[in-house]
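Shown next, in structure tokens, is the structure this report addresses.
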Amino acid sequence: MTRSAAFFDLDKTILAKSSSLAFARPFYKGGLLGRADVLKSAYAQFTYLSSGADHDQMETMRHYMSELVKGWDVDTVRQIVSETLDEIVDPFVYEEAVDLIEEHKEAGRDVIIISSSGTEVVEPIGERLGVDRAIGTQVEIVDGKYTGEILFYAYGEGKAEAMRALAEENGYDLADCYAYTDSMTDLPMLEIVGHPVCVNPDAPLRKIAVERDWPVVDFARPVAMPTVRQRIAVVNTPDNRRNALMGAAATVALGLAWYASRRRGSA
């Protein structure tokens, strides 16, 4: 038997903001960023929300992040994210996205977030949302600190590559899978599934959607994270957990193996 999954981008698809840039102020308060970096992040957030990001901007962000996080203590980053997460993403979770996540889980599909934001940000958000997996950009860690070397950039073709690997490991039939994103830079992840959906698409992606007759949906109802957690608690009853437990455990194990192979390959 084949299985299926629903793959979600995070920023402007599930969240009404950039998840990485949103943590600039907590990182500043925690001593990781300078004032100039906070101002740059605020400007980048405004630009991203206004017009999205093209390939050149994503590559610029990649190099900026690589240099920025070099030498940061990983435990400090994780602690700051954990302590400020609800405040940062509240109220910026699209209710329509939460509805879709619930619908896919009820249909027996795995729900996977794949985002260019760092894994230390993406994974806690995924946990709050009750998804089966959350994959973010991977930065090399040595002796508890980031080296700045990006082992896996969850962007563009990289997202499609990760999805193919997950499909092979988990037995997903990509023709029966769904993908949701807002950006033209994520076109590869839309093209490899049987059910591509454009969410709040930027102008280039909206044009492609019209040409290819892909569904376009516009999310506009951000809700508070406590509301999301309450809904997840209702869905996550003992009976529902029992039905999904074995599949989720296998998915996590395979995911860890995939991460390990990615790190070895990159090294």
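In table form, for the structure just shown:
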read-out: Qualifying positions in the range 175-218 - of a type outside the set (Gly, Ala, Ser) and part of a loop (DSSP other than H, G, I, E, B); value: CYS177, ASP182, ILE192, VAL193, ASN200, PRO201, ASP202, ASP213, TRP214, PRO215, ASP218
read-out: Filtered residues of the range 160-187 (kept if surrounded by fewer than 19 Cβ atoms within 10 Å (Cβ to Cβ), touching a helix residue (DSSP H, G or I) at 6+ places or on another chain (Cβ under 8 Å) and under 15 Å from ALA6 (Cα atoms)); value: ARG164, ALA165, ASP173
read-out: Pairs where the first residue, in the range 4-27, is among the β-branched types (Val, Ile, Thr) and the second is in a loop (DSSP other than H, G, I, E, B), C-beta under 8 Å, 6+ apart; value: THR13/ASP182; THR13/ASN200; THR13/PHE219
read-out: Residue selected from the range 195-235 under the condition out of contact with any helix residue (DSSP H, G or I) (no Cβ under 9 Å at 6 or more places or on another chain), within 25 Å of GLU127 (Cα to Cα) and loosely packed, with under 13 Cβ neighbours inside 10 Å, by the criterion modelled with the highest pLDDT; value: GLN230
read-out: Index of the failed condition, ALA154 passing every other in (1) over 24 Å from GLU67 (Cβ atoms); (2) out of contact with any Phe, Trp or Tyr (no Cβ under 9 Å at 6 or more places or on another chain); (3) of a type in the set (A, V, I, L, M, F, W, C); value: (1)
read-out: Sole exception among (1) at pLDDT 75 or above; (2) crowded, with 20+ Cβ neighbours inside 10 Å; (3) within 22 Å of VAL217 (Cβ to Cβ) for ALA53, by number; value: (1)
read-out: In the range 80-109, residue nearest to ASP132 (Cα to Cα) [restricted to those that are touching a Gly at 6+ places or on another chain (Cβ under 8 Å) and of a type in the set (A, V, I, L, M, F, W, C)]; value: ILE101
read-out: The range 152-168, residues that are modelled with pLDDT of 90 or more, touching a strand residue (DSSP E or B) at 6+ places or on another chain (Cβ under 8 Å) and of a type in the set (A, V, I, L, M); value: ALA162, MET163, LEU166, ALA167
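The values are calculated or read from the model by the stated rules, or taken from the named source; none is laboratory data. These figures come from a predicted structure and were not determined experimentally. Because the Cβ atoms are built from the backbone with ideal geometry, glycine has one as well, and the counts that use them run over all protein chains shown.
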